[in-house]
Structures are given as C-alpha cells and as structure tokens.
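The values are calculated or read from the model by the stated rules, or taken from the named source; none is laboratory data. Bear in mind that the values here come from a model prediction, so they are computed numbers and not experimental data. Cβ placement follows ideal geometry from the backbone for every residue including glycine, while neighbour counts extend to all protein chains displayed.
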Ligand SMILES: [Zn+2]
C-alpha cells in the first residue's frame with residue numbers, strides 16, 4: 001500500500017462526522033494546502049480512531065479558511081479513519097497508529113512504510129512544526145507532550161497548556177519521529193466529545209498557523225510545569241482484572257482516575273489481588289527496563305505504591321487498559 005496524498009480536500013470534509021470520514025477518505029491520507037508562509041505546519045489527527053477532538057478542531061480550522069488564504073501552508077494527515085468508523089482506538093488486526101513511526105520497535109509493515117514516507121516528505125518541505133492531537137479516556141487536564149526539552153519544543157507545548165509532559169517511551173510515536181526534523185508536540189485534549197476540548201485545540205492550531213517563528217527563548221519557570229514520565233504501567237497479559245468483580249485476579253479501585261496529575265503518597269492502594277503471591281502489574285521505565293519493584297508492592301493482597309509519584313492517563317475503560325496501559329507515572333522536572 002502506498003501513501004495517499006492530495007492537494008485539496010473533498011468539500012464534504014467540512015461537515016462530515018468522524019465516524020463517516022472513512023466513506024470519504026477510506027485510506028490514511030496526507031493533504032497539502034498552500035498558505036502565505038511557505039513552511040508548512042503539520043497536523044495529524046485520528047491516529048487513534050476514537051479520539052475525535054483533533055479531527056473536529058481541524059474541521060473548524062478548514063471551515064475558517066475555506067474562503068480565505070491560510071496564514072501558513074498546512075499539511076494534515078487523517079490517520080485511522082477505518083477504526084474511527086467503528087469508534088475504536090484501533091482494530092484488533094491493526095498496529096497502534098501511534099507506535100509505528102520512525103524509531104518504532106515493531107517489525108516492518110506497510111503501515112510503517114507509509115508513515116516513514118510522511119516524515120520524509122515533510123522533512124523535504126522544511127516543516128515548521130508538528131502537532132499530533134489526541135484524547136484520553138480518564139479524567140485528565142489538557143496538556144502537551146514533548147520528547148525533547150529544547151526551548152522551541154517547550155514554547156510550542158506551553159502555548160497549549162502550562163502543563164507539559166516530557167517522555168521518551170514508548171517508541172514509535174509521531175511526536176518523537178517529527179522531533180528529529182522540527183519542534184513537535186502531542187496534545188492531550190481530555191475526553192473525546194467535549195466541546196471545550198475542540199474549541200481549545202482549534203484556538204491552539206489557529207494560533208500556531210499565525211506564528212511567524214518559535215523563539216529559542218526559555219519559557220519562564222513560573223509559566224510552566226514540566227513532568228517527566230518515569231514508567232509506563234501495564235497489567236500483565238494473563239491477569240484478569242475488573243473494577244467490580246471481587247473474584248477477578250485484580251480488582252482495581254473505582255476512584256483511580258481521580259489520581260491523575262495529583263501527587264500520590266507512598267502506601268496508596270490501587271487495587272486488591274485475589275492471590276497474594278502474584279504481582280499483577282509491570283512498570284517499564286523509559287529505557288524499556290522492568291522497574292516494577294521500585295513502584296509497587298503487595299501487602300496483604302493490597303496493590304500499593306512504594307514511593308510518592310504522580311500518575312497520568314489512569315482510566316476506567318477496561319478495553320483501553322488492555323490495548324494500551326493502566327497509566328504512566330511521572331516526576332516533576334526543574335528547568
Ligand atoms: Zn491517542
């Protein structure tokens with residue numbers, strides 16, 4: 001399969017809903033639109049099919065400039081429209097569209113070749129900056145994620161939120177691939193289906209189109225809170241878990257998602273295990289090493305945190321936990 005590209009978009013794209021785009025754009029497609037400043041802004045949406053805020057914000061942006069010139073050239077990528085048609089992050093037969101970008105640890109596939117080509121094309125076009133728009137399922141504030149602590153990256157993320165997450169794992173994310181060629185950020189816009197998420201993302205994308213440059217100046221420490229992801233937490237594959245069945249191997253606490261972006265003290269319980277001898281979760285650090293013992297302990301069938309930490313992306317959605325992870329654990333960075 002080759003990468004689809006187009007220099008204009010079907011007018012129906014301005015009004016269609018995310019679940020129906022697949023009929024209009026059946027394959028992942030890269031669109032290029034001219035603008036007053038020639039270096040294009042790159043925006044990717046729907047890398048996860050159920051995360052519709054990015055598409056709706058992009059749609060508002062296209063509506064705004066449907067009859068006037070764009071302040072800057074715009075290249076945008078509509079990712080997993082097939083999964084979007086089913087309201088899913090990805091289909092079971094597919095790789096995660098945000099784990100396949102250059103730097104990925106997955107074996108080569110046609111999807112991987114396609115996104116490699118996108119990065120090459122955008123490098124050739126001397127891309128100005130890259131924005132990948134996502135939602136998450138738990139209760140989380142809006143924040144930007146970056147893979148480099150350079151001032152331009154911090155500026156780009158800080159324009160969206162004072163809350164910024166610096167991460168180096170997992171590999172194969174869009175944001176990390178574009179970080180090699182331009183300032184790059186992933187937006188986390190809260191849960192899908194919230195109008196204020198769409199408005200916030202739209203205002204941000206529109207501001208980025210109007211930027212003439214991203215300065216090398218440092219962001220003032222009082223304007224920004226940067227956290228570093230120190231571990232990704234997964235529930236082990238053979239462990240059945242739930243939020244309501246006391247007979248499951250791991251019974252997770254129902255108020256977990258309230259802990260997102262909150263300092264959680266050592267000793268806090270995340271759930272209870274049925275069999276006290278088996279650790280049900282794995283924590284993986286940014287180098288891909290297992291660090292479960294540093295963060296978790298089992299005491300009297302209680303799954304507890306060993307140290308003070310700040311979680312993000314905790315969700316009550318069992319499907320998401322299975323397909324992605326239970327959460328990330330973070331530490332604050334002093335700039
Ligand atoms: Zn996502």
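Here is how the numbers come out for the structure above:
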{"quantity": "Residue under evaluation residue 129, criteria (1) crowded, with 20+ Cβ neighbours inside 10 Å; (2) within 15 Å of the ligand (Cβ to nearest atom), criterion not met", "calculated": "(2)"}
{"quantity": "Test set (1) under 20 Å from residue 138 (Cα atoms); (2) part of a strand (DSSP E or B) - residue 325 fails condition number", "calculated": "(2)"}
{"quantity": "Residue check for residue 208: away from the ligand (no atom under 16 Å from the Cβ), surrounded by 19 or more Cβ atoms within 10 Å (Cβ to Cβ), under 20 Å from the mean Cα position of the chain (by Cα) and assigned to a helix (DSSP H, G or I)", "calculated": "yes"}
{"quantity": "Residue count for the range 214-268, restricted to those that are buried (at least 16 other Cβ atoms within 10 Å of the Cβ), within 24 Å of the chain's Cα centre (by Cα) and part of a loop (DSSP other than H, G, I, E, B)", "calculated": "5"}
{"quantity": "Pick from the range 182-193, criterion within 15 Å of the ligand (Cβ to nearest atom) and not in a strand (DSSP E or B), ranking: surrounded by the fewest Cβ atoms within 10 Å (Cβ to Cβ)", "calculated": "193"}
{"quantity": "Boolean, residue 197 is within 16 Å of the ligand (Cβ to nearest atom) and either more than 26 Å from residue 50 (Cβ to Cβ) or surrounded by fewer than 23 Cβ atoms within 10 Å (Cβ to Cβ) (or both)", "calculated": "no"}
{"quantity": "Residue match in the range 110-122 (condition: away from the ligand (no atom under 16 Å from the Cβ), assigned to a loop (DSSP other than H, G, I, E, B) and more than 15 Å from the chain's Cα centre (by Cα))", "calculated": "no"}
{"quantity": "Residues that are assigned to a loop (DSSP other than H, G, I, E, B), crowded, with 22+ Cβ neighbours inside 10 Å and at pLDDT 95 or above, drawn from the range 68-103", "calculated": "79, 80, 97, 98, 100, 101"}
{"quantity": "Search result, residues across the range 33-50 that are in contact with a helix residue (DSSP H, G or I) (Cβ under 9 Å, 6 or more places away or on another chain), closer than 21 Å to residue 175 by Cα and in contact (Cβ under 8 Å) with a residue 60 or more places away in the chain", "calculated": "40, 41, 42, 43, 44, 45, 47, 48, 50"}
{"quantity": "Any pair with Cβ under 9 angstrom, 6 or more apart, that starts in the range 86-105 at a residue that is touching a residue at least 24 places away in the same chain (Cβ under 8 Å) and over 18 Å from residue 132 (Cβ atoms) and ends at one that is away from the ligand (no atom under 14 Å from the Cβ) and part of a loop (DSSP other than H, G, I, E, B)", "calculated": "105/171; 105/288"}
{"quantity": "Residues of the range 132-146 that turn out to be under 22 Å from residue 168 (Cα atoms) and away from the ligand (no atom under 15 Å from the Cβ), as a count", "calculated": "2"}
{"quantity": "Options 95, 17; residue that is farther than 24 Å from residue 125 by Cα and within 16 Å of the ligand (Cβ to nearest atom)", "calculated": "95"}
{"quantity": "Selection from the range 280-305 of residues that are more than 19 Å from residue 169 (Cβ to Cβ), modelled with pLDDT of 95 or more and assigned to a loop (DSSP other than H, G, I, E, B)", "calculated": "280"}
{"quantity": "Pairs, first more than 18 Å from residue 158 (Cβ to Cβ) in the range 180-201, second assigned to a strand (DSSP E or B), C-beta under 9 Å, six or more apart", "calculated": "181/130"}
{"quantity": "Residue list for the range 147-160, restricted to those being within 16 Å of the ligand (Cβ to nearest atom) and farther than 27 Å from residue 112 by Cα", "calculated": "160"}
{"quantity": "Residue within the range 44-58 that is assigned to a strand (DSSP E or B), on the phi < 0 side of the Ramachandran plot, modelled with pLDDT of 95 or more and within 14 Å of the ligand (Cβ to nearest atom) present", "calculated": "yes"}
